[in-house]
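J.: Please see the structure below; I have some questions.
The values are calculated or read from the model by the stated rules, or taken from the named source; none is laboratory data. It should be emphasised that the depicted structure is a prediction, and the values quoted were computed from it without experimental measurement. For neighbour counting, all protein chains shown are included, and Cβ atoms are generated from backbone atoms with ideal geometry for every residue, glycine included. Each accessible area value is taken on the protein alone, full model and side chains, heavy atoms only, with ligands, DNA and RNA left out. Shrake-Rupley method; radii C 1.70, N 1.55, O 1.52, S 1.80 Å.
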Amino acid sequence: MSEWIRICPLEEIPRLGSRVVQTVKGDVAVFRNGSDEVFALRDQCPHKGGPLSQGIVFDRKVTCPLHGWTVQLDSGEAVAPDCGCTHRYRARVDKGEVYLNLS
Amino acid sequence: MTTTKKTRLVVIGNGMAGIRTLEELLKLAPDMYDITVFGAEPHGNYNRILLSPVLAGEMTIKDIMLNDVDWYAQNGITLHLNKTVTQIDRVRRKVIAADGTEADYDRLLLSTGSNPFMLPVPGKDLPGVISYRDIKDTDEMIEAASRYRHAVVIGGGLLGLEAANGLKLRGMDVTVVHLMPWLMERQLDRTAAGLLQKSLEAKGLKFLLEKQTEELVKGESGRICAVKFKDGETLPADLVVMAVGIRPNTGLAETAGLYCNRGVVVNDTMQTYDPRIYAVGECVSHRGIAYGLVAPLFEQAKVCANHLAQLGISRYTGSVTSTKLKVTGIDLFSAGDFIGGEGTEEIVLSDPSGGMYKKLVIKDDKIVGGVLYGDTADGSWYFQLLRDGQNIRELRGRLMSGQSHLGNSGHQGQNNAASMPDEMEVCGCNGVCKGTIVKAIKEKGLFTLEEVRKHTKASSSCGSCTGLVEQILASTIGGAYQPVDTSRKPLCGCTDYTHEEIRKAIVERKLKSIPEAMGFFEWRNVNGCASCRPALNYYLLCAWPYDYRDDPQSRFINERAHANIQKDGSYSVVPRIYGGVTTPAQLKRIAEVAEKYAVPTLKITGGQRIDLLGVKKEDLPKVWADLDMPSGFAYGKSIRTVKTCVGSEWCRFGVQDSTSLGIALEKALDRMWAPHKVKLAVSGCPRNCAEATIKDVGIVGVDSGWEIYVAGNGGIKAEVSLFLVKVKSAEEVMEYASAFIQLYREEARYLDRTVHWVQRVGMDYVKKRIVADATGRKALHERLKDALCDEKDPWQERVRGAEAQEFMPIRFQSKNHVSGDTHE
Ligand SMILES: Cc1cc2nc3c(=O)[nH]c(=O)nc-3n(C[C@H](O)[C@H](O)[C@H](O)COP(=O)(O)OP(=O)(O)OC[C@H]3O[C@@H](n4cnc5c(N)ncnc54)[C@H](O)[C@@H]3O)c2cc1C
Ligand code: HEM
Ligand code: SF4
Ligand code: FES
């Protein structure tokens, strides 16, 4: 099953910021980085479940607001020396609209 | 040369300094070079300083590997183990090893370390006579310990004592022979050395001082059997370890015609007299000094890597070193000029029977050296003061009792890492115990506080256990640990420029946005990181209160959402209650909001107001609208509260109206961002019920006016504030307090509390700017008023719809259709 769901126009996600999407699979954080790439992760830090959507975004990374782990947006992996992974979903931009794929 | 071919870098010497340089280089320029490494030893790069614990049986060789062979492969480095380079052909730019292996270079790095010095006495080449330098020597000692009985260690310095201790633990009968009248004379004065000798004797070691070795005597088996001294005495010996010093290993460089003078001579960029050849480590002579400890070598490595990566912006200007002996159970620290002399004074604290001795040597109000024995808890602190050249006049009274006595909370008052059991918790915030830290340091090869923080999380939150973690580092890796030089602290890993340099350029070059500032300083990472962005945002805001547009994405979530994130992702809301004085109407409103939004917890805060805990993020704007009170900024690097006592209006002791002044101050400072949180308090008389003397600014009423105290702190480390000035009127209090706070806003580093900043710049400086300079003070006061006059209340702005997206999640409406419902 590969279903792309339209989320919102790109400009409704702040650059270097994120929006939370409430889905049947729980909260998903959709990020927009400095070069307008979008990424989607389960909104739970691999450390203690902190809301990654609330972190500071830079490059292709986000720093968790709770204890400062940095998580890679394109893989969901924590940046070394921390170790852990959060689920990644596919996301893309098409004609200024952001799409999310939960499969 | 074709352009597609990469520049070739050859490294001679597969040791700690050389490979550290490669690690730093790979971080800066991973693809710049084709790298080849020659190592005379058959091993990958290992942590030489941990040979002592290996000898003592506390660790194994496997534990001390820093870079195994796989590491070289993963980084595309050609590694020639067991190959000693014997020739450098500088004309053809080629190195040749003993077995004929050759490698061409464009850049060459020499890191050949040093050779142990062997006393030129008869018998020095006998079997059983060894030095203490590498894995081979260590193996030989371990092997000898299992077969023989008598060991003699020649040399009572750091290395000799660690060798002797290890051999003793392995069951040998060990005598240390030393030429000088006391042990470790290059690190210790006579008193400390005496204490050290006593505790080593208690461990079963024997000492012969002021003894000169004449001959090493051959036994029947052909192996060493005894040591003979000048005075005719002899001592039986099946194993002799020479630890009388090291000589920079410069033979190869000299043959190649490189200028050497007790070390390969390099300039501040670690370049030798041949510009294609760099050198780092113990083989180097820099400004006439050859270092024999790891910490300075690592600083050299960092600088060298910077130049190899062709960034060309850093210089090595020499190091101040400190020493620790890695003998379990012995706590000893030494740094700088510990003997003293003309123009110096000494502060000494001595309790020989208790096994404790502390001596600091002071010159012109600065620490220039010291020796600690028995209680080294404050070694790192003293060393920091020494390196930073900090004026200690104000600290003098409490210098000896030490930093750790200034009131630390969070680890049961422990301040001596050595005596802590492994399972004892060091970091109360992250629940890390001592054993975990020691294990990480050893297994992961950590050398700095930053690395320990990254790997274990210890001291990475509140930082109150920093001193303990530093001690654990120091006692685990010895003098290899070097506290960071706080006088030159880069803003973060994205740049080498300091906070001060960046703030100055923001003002002078009129940099008015984060991308501009990052561009100007050639930031290493796109968009910076979670450390520098909030700092830059603040610096810009402080420099350009009118022009700069605050960047919410560069603020921590608390400041972006204007509420405190809690561990479950919900938020807490603290409305402002000026001076802690409220009304029935306000209380009713708070109660109604709490009921309407089912707020799970209501709590009276330490700042005399009410916290509504557990509010959902999407409810925040509605909660604020219903409260209709200003934001308390309980979440920000900003003004928090002005705590007050009831004062003269009601209190029978009160001599001043502390409540009115507190309210006036809180109103004047409302909505103020700062490098860190700012807390004030006002008490109506010296009984000081508002605890004003542990605040950033504390005001205490006296009969004839007000006393102003600054730079106190009630948090992690209790710091009593310092007296700034006494004034007569409430208006003057407003002016002085505002001026002090504005100076802090303009000059402190982001995340400095006032206490950290004042400790760095000194109270004299603060008094000069705030008390002595009336014009300057008024100007500061005006600038603060200016900066704040246009600030809007963040809650009311958001109630009116600002940043609505921040608070609204996107919801599914049906399976396939999603809408961004920014409003219901
Ligand atoms: C037992 C012991 C304990 C120590 N304890 C401490 C301590 O507690 N704190 C501290 O700060 N320091 C300590 N030191 C000192 C520290 O280990 C050295 O300062 C550091 O290792 C020097 O690094 P280097 O890279 O300059 O030399 P090394 O690490 O010695 O590396 C040089 C390497 O180059 C190789 N080499 C030399 N010539 C050639 C050649 N021609 N071709 C190929 N390879 C070559 C050598 O075999 C060696 O492997 C200790 C040293 C020892 C031996
Ligand atoms: C993320 C962690 C923290 C949160 C969410 C938090 C939150 C708060 C809040 C909401 C208040 C009430 C303040 C007010 O009324 O304005 C407060 C007060 C206080 N906090 Fe924290 N705090 C945190 C960490 C710390 C730390 C690490 C320290 C120690 C340095 C500390 C020391 C204090 C003190 C001493 C007070 C009382 C202030 C006073 O009496 O004026 N807090 N904190
Ligand atoms: S500090 Fe003085 S005036 Fe204020 S409440 Fe205490 S006793 Fe009264
Ligand atoms: S929950 Fe993210 S760092 Fe701890």
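J.: Per-residue mean of other chain beta-carbon atoms within 10 angstrom of the beta-carbon, peptide A:46-52? Show your work: numbers first, answer last.
T.: Details: counts 0, 1, 1, 3, 5, 6, 0.
Average neighbour count from other chains, rounded to a whole number: 2.
J.: Take every Cα pair under 8 Å in the stretch A:4-101 that's 6+ residues apart, average their separations, divide by the length, and report that relative contact order as a whole percent. Can you show the working numbers first?
T.: On the way: 221 pairs, mean separation 27.7, N = 98.
Computed over the stretch A:4-101, the figure is 28 percent.
J.: Could you bin all the Cα-Cα distances of the stretch B:499-555 into 10 Å bins starting at 0 and give me the percent of pairs in each, rounded to whole numbers?
T.: Once binned at 10 Å, the Cα pair distances of the stretch B:499-555 give 26, 62, 11.
J.: Consider just the alpha-carbon atoms of the stretch B:129-244 and return their Rg together with their Dmax, both in angstrom.
T.: 13.5, 43
J.: Just the number, please: carbon plus sulfur as a percent of the accessible area of chain A, 1.4 Å probe, no ligands or DNA/RNA counted.
T.: 45
J.: Output the residues of the stretch B:794-811 meeting this criterion: accessible area (heavy atoms, 1.4 Å probe) in the chain alone minus accessible area with all protein chains in place is 10 Å² or greater.
T.: Residues passing the criterion (a loss of at least 10 Å², heavy atoms only) are B:Gln805, B:Met808, B:Pro809, B:Ile810, B:Arg811.
J.: Please give the helix B:158-169 orientation as an angle from the longest Cα principal axis of chain B, in degrees from 0 to 90, rounded to the nearest 10.
T.: 80
J.: Is the shape of the stretch B:661-700 best called rounded, prolate or oblate, per the rule: a/c under 1.5 gives rounded, else a/b larger than b/c gives prolate, else oblate, with a ≥ b ≥ c the square roots of the Cα gyration tensor eigenvalues?
T.: oblate
J.: Where both residues lie in the stretch B:62-217, what percent of DSSP beta bridges are antiparallel, nearest 5? Intermediate results must be reported in sequence, preceding the final value.
T.: Numbers: 7 of 16 bridges.
The antiparallel proportion sits near 45 percent.
J.: In addition: Against the longest principal axis of chain B, how steep is helix B:774-789, in degrees 0 to 90 to the nearest 10, with axes from Cα atoms?
T.: So the inclination is approximately 70 degrees.
J.: Could you list which residues have their amide H under 5 Å from that of A:Glu77, counting only those 5 or more apart in sequence or on another chain, with H placed in the peptide plane?
T.: Counting only residues 5 or more places away or on other chains, the set is A:Gln72, A:Thr86.
J.: Once phi is turned into θ = phi - 60°, what whole-Hz ³J(HN,Hα) does the Karplus curve with 6.51, -1.76 and 1.60 give for every residue of the stretch B:510-520, x standing for Gly and Pro?
T.: 6, 7, 10, 8, 4, x, 4, 5, 5, x, 4
J.: So what is the accessible area of the protein assembly as shown per residue, in Å², with the probe set to 1.4 Å?
T.: 43
J.: Another question, if that's okay. How large is ³J(HN,Hα) for each residue in the stretch B:665-681, as worked out from phi by the Karplus curve 6.51 cos²θ - 1.76 cosθ + 1.60 (θ = phi - 60°), to whole Hz, x for Gly and Pro?
T.: These are the phi-based 3J(HN,Hα) values: 5, 5, 5, 5, 9, 3, 6, 8, 7, 8, x, 8, 5, 10, 10, 10, 8 Hz.
J.: Among bridges DSSP assigns within the stretch B:129-244, what percent are antiparallel (round to 5)?
T.: 35
J.: Using the reciprocal of the averaged 1/r over all distinct C-alpha pairs, how large is the Kirkwood radius of the stretch B:689-824 in Å? The partial results should precede the final answer.
T.: Values: mean 1/r = 0.0561 Å⁻¹.
By the Kirkwood definition, the hydrodynamic radius is 17.8 Å.
J.: Output ³J(HN,Hα) for the stretch A:46-51: one whole-Hz value per residue in order, computed from phi by the Karplus curve 6.51 cos²θ - 1.76 cosθ + 1.60 with θ = phi - 60°, and x for Gly and Pro.
T.: Those phi angles translate into x, 6, 10, x, x, x Hz.
J.: Separate question: Label 7 Å along Cα→Cβ of B:Glu233; the stretch B:181-221 residues with amide nitrogen under 14 Å?
T.: B:181-182, B:206-214
J.: Based on alpha-carbon positions alone, could you give the equivalent ellipsoid semi-axes of chain B from the gyration tensor, as √(5λ), descending, whole Å?
T.: 57, 33, 25
J.: Give the calculated FRET efficiency between B:Glu797 and B:Lys363 to the nearest 0.05, with a Förster radius of 56 Å applied to their Cβ-Cβ distance.
T.: Calculated transfer efficiency: 0.50.
J.: How high is the relative contact order of the stretch B:129-244, given as a whole-number percent (alpha carbon pairs under 8 Å, six or more residues apart)?
T.: 33
J.: I would also like to ask the following. Amide H neighbours of B:Val432 under 5 Å, counting only residues 5+ apart in sequence or on other chains, H built in-plane at 1.01 Å?
T.: The list, which skips near neighbours in sequence, is B:Val426, B:Cys427.
J.: Taking just the alpha-carbon atoms of the stretch B:560-788, what radius of gyration and Dmax come out, in angstrom?
T.: 17.9, 54
J.: Would you calculate, for chain B, the mean residue ellipticity at 222 nm contributed by helices, counting each DSSP H stretch of 4 or more residues as -39,500 (n - 2.57) and dividing by all residues, to the nearest 500?
T.: Helices in chain B give a 222 nm mean residue ellipticity of -9000 deg cm²/dmol.
J.: Same structure, new question: Sort out for me the Cα centre separation of the stretch B:181-233 from the stretch B:502-548, rounded to whole Å.
T.: About 60 Å separates the Cα centre of the stretch B:181-233 from the one of the stretch B:502-548.
J.: On C-alpha positions alone, give me the angle between the axis of helix B:135-147 and the longest principal axis of chain B, in degrees, nearest 10.
T.: The helix B:135-147 is inclined about 70 degrees to chain B.
J.: Estimate the FRET efficiency between B:Lys6 and A:Ser75 by the formula 1/(1 + (r/R0)^6), using the beta-carbon distance for r and 35 Å for R0, to the nearest 0.05.
T.: 0.80
J.: For chains B and A, what's the summed buried accessible area, probe 1.4 Å, to the nearest 100 square angstrom?
T.: Working: alone 36460 and 5670 Å², together 39450 Å².
Between B and A, the summed buried area is about 2700 Å².
J.: Using a 1.4 Å probe over the heavy atoms of the protein chains, calculate the carbon and sulfur portion of the accessible area of the stretch B:499-555 as a whole percent.
T.: Solvent-exposed carbon and sulfur of the stretch B:499-555 make up 51 percent of the total.
J.: What relative contact order, as a whole-number percentage, does chain B give when Cα pairs under 8 Å and 6 or more residues apart are counted?
T.: RCO, chain B: 7 percent.
J.: List the extent of the Cα atoms of the protein assembly as shown along each of their three principal axes, largest first, rounded to whole Å.
T.: Principal-axis extents of the protein assembly as shown (Cα, largest first): 101, 76, 48 Å.
J.: Separate question: Could you work out, residue by residue across B:548-555, how many beta carbons of other chains sit within 10 Å of that residue's beta carbon, and then give the average as an integer?
T.: Rounded to a whole number, the mean comes out at 3.
J.: A further question follows. Which cross-chain or sequence-distant (5 or more) residues have an amide H under 5 Å from the amide H of B:Val702, H modelled 1.01 Å from N in plane?
T.: Those lying under 5 Å, H to H, from B:Val702 are B:Glu707.
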